[in-house]
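Step one of this worksheet: look at the structure below.
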Amino acid sequence: MMDQYIGKMLDNRYELLELIGRGGMANVYKAKCHRLNRLVAVKILKSDLAESADFRRRFRDESLAVAQLSHANIVSVYDVSRSDDLDYIVMELIDGITLKQYMERRGKMDWREALHFITQIMRGLSHAHSRGIIHRDIKPQNIMVLRDGSVKVADFGIACLANASQTLTQEALGSVHYISPEQARGDRTDARSDIYSAGVVLYEMLTGRLPFEGDSAVSVAIQHLSSVPLAPRDINPDVPEGLELITMKAMNPDLDKRYASADAMLEDLERFRKDPNVDMEYIRTELEEKPSDEPTQPIPTAEVAAKAARFKRPEKVRQADSELDEEEDKRDKKRMAIILGGFAAALLVIFLLFKLVFSGMGANGSEAYEVPDVLGYTVEQAMNLPGVKGIFEIKEVGTKIDTKYQPGQIVEQDPSAGRMRKGNLVINVYVCVEEEKEQMPNLIGMNYQEAKTQLLNMNLGLRVTTKDEFSDTYAEGQVIRTSPGTGAELNKGDSVEITYSKGPETKSVTVPSFLGQSVDDAVAQAEQLGLRVGQHEYIYSDEPDGTVIGQSLVATDEVDEGTTIVFTVSRGPKTVEVRSYVGWTLEAAKADAESKGLRVEVTYVESNEPAGTVFEQDYPAGSYVSVGTTITLLVAKEKETPDDPGTDNPGPEDPNPGDPTPPDEGGEG
């Protein structure tokens, strides 16, 4: 059955071509924007939701806010409108598939590909968060993978509305696998909720499975609240430890231990990208304290049942329960703080006693060593230095870019040279790496604002400038060329110039008078001047057939090249066919001729024909004459006879018109 909206035109601009997606809140159509002559995606809000005026208002407000976002990793929103009782959003049409579809085809991804995708997702989230917009429904179904391997986050704005009206039922199962614990509790959410969901997406890409599974949305949500997932490396040993730690920090149920911002997570992703062996020790330390050795720690059955029941209660009841929980949590935290404080104090006493005893022993029994200078050596060379070998351990803790050293040489050490050490004879070093070279991407044909955003997001500190010029090849706003060109090497701080189109150049034309010209000559002259000739209008006139007698543009006016002009062309005088009136009565012949626009002149002639009958006409039957032409009809009158003697009454001066009914048109009698 064909969709009812296919072929519909919204706001006399967007023609709906085909249905390309269905969702819980809206359906998505491929459409053509006739104003800009481009294909777009139109998302139409479902009628049951559109019945609420409040929901429609929030739908429009959220969508307008999202329309302000402009980032290479976010699906662009072009327009938000309402037409024929339909609320809709016009978006960028993506040539690709969802990340969910991609993962279903690929299964477990190579960690390098997962790193490539999550970095782009976080860049998009960073841009949105910096403008105060939270997605609240990050999941693979809302992330598009393009043919060139780039990704774009979709459904900002409409996603948060969906969550506002969504309950944790079986229908919500698609999203509940990715929700944060605070979302599951119904607490206030912020940018960190998006980070948690992005961590779940990264977990799924690395392992090929979800961290939590269940038969219902409620059971999955409770696992987010109470359980710890298996570590990615327990499922896929190929995952580097650093990337695993980043994933688990993003998914930390404790808001204070989770990444505070998308930028913070991007910073760790960038460190890992540059050196997959980088030691994320600070994350490991945060994750060391675990309630149990079990990969997942279930909460008591009674608590699970209570939480499950609470999810099914009305909103007001759940809100009251949440307030009670907060009070109880505060009391629990206070008790726990007292216990932990006492425990920490005891540990501090033990530590001080231990240090006092053993520092005294070390002063009498350990030899102090001077830390050597290992800068400029490779790690292997440093380990064989006389002041190092057999005394210090060289530990590579990271890499840095430093133009003063060659790749592989030590650029920084801790402790620094000259310090004295008795214990902890370890020198932590950073090794020089070569700066990675980035290439100028192909931006030709892109919207220049999106192209500029993509360059600024390359983290090279590029100085991007733009200029425009006329172009008959590229539409307004599209990138014509870049300097440097595609594939050129880019370094930090380089300058890049984007040249974009401001559309075809328009020239002014002085409109001449075409009146009196033949239509063919007028068309040729107009097109030579750069005007576009529209459909002619034809009317009858006294001017010869094919003569221009009117024009839509006023002579001597200045108009843009390409403006349309319409000519009014004469058909010549309007003509009618003359009928044969012979044998007609005068009244009938005169009425018929005048109804055709002819004038009638009558001449009475003595004739043997019945009086008042037309027996001759000056224009033969079948001839064509102009409207308004005068035709002469000869009408019979009785022959005059001498007056009877003694009679003063003369004969009739006018003939007897006789029977007014005309004979058959074919005869003359």
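With each label modelled as a point 7 angstrom along the Cα→C-beta vector, the residue 624-residue 215 pair spans 8.9 nm. What the phi angles of region 87-99 give under the Karplus curve with 6.51, -1.76 and 1.60, with θ = phi - 60°, is a coupling list of 8, 8, 10, 9, 10, 4, 8, 9, 8, x, 10, 6, 4 Hz, glycine and proline written as x. Here is the list for region 423-513: chymotrypsin sites (Phe, Trp or Tyr not before Pro) lying in DSSP coil, each with at most 13 other C-beta atoms within 10 angstrom of its C-beta, are 470.
Counting only protein chain heavy atoms and rolling a 1.4 Å probe, the accessible areas of 144, 122 rank, largest first, as 144, 122.
Rolled with a 1.4 Å probe across the full set of protein chains, the surface gives residue 584 an accessible area near 20 Å². Around the amide H of residue 409, modelled in the peptide plane, lie the amide H atoms of 432, all under 5 Å away and 5 or more residues distant in sequence or on another chain.
Accessible surface for residue 95 stands near 90 Å², nearest 10, in the context of the full protein assembly shown (1.4 Å probe).
Residue 271 sits with roughly 100 Å² accessible to a 1.4 Å probe, with DNA, RNA and ligands left out of the calculation. Are any of the pairs 32/502; 152/492; 32/152; 400/422; 100/452 more than 27 Å apart by Cα-Cα distance, and if so, which? Where the Cα-Cα span goes over 27 Å, the pairs concerned are 400/422; 100/452. As a rough guide to protection, the peptides 131-137, 484-490 ranked by mean Cβ packing within 10 Å, highest first, stand as 131-137, 484-490. Of the peptides 190-198, 573-581, 413-421, the order by per-residue mean of other Cβ atoms within 10 Å, starting with the highest, comes out as 190-198, 573-581, 413-421.
The values are calculated or read from the model by the stated rules, or taken from the named source; none is laboratory data. What you see is a predicted model, and the numbers here were worked out from it, not measured in a lab. For neighbour counting, all protein chains shown are included, and Cβ atoms are generated from backbone atoms with ideal geometry for every residue, glycine included. Side chains included, ligands, DNA and RNA excluded: accessible areas come from the protein's heavy atoms. Shrake-Rupley method; radii C 1.70, N 1.55, O 1.52, S 1.80 Å.
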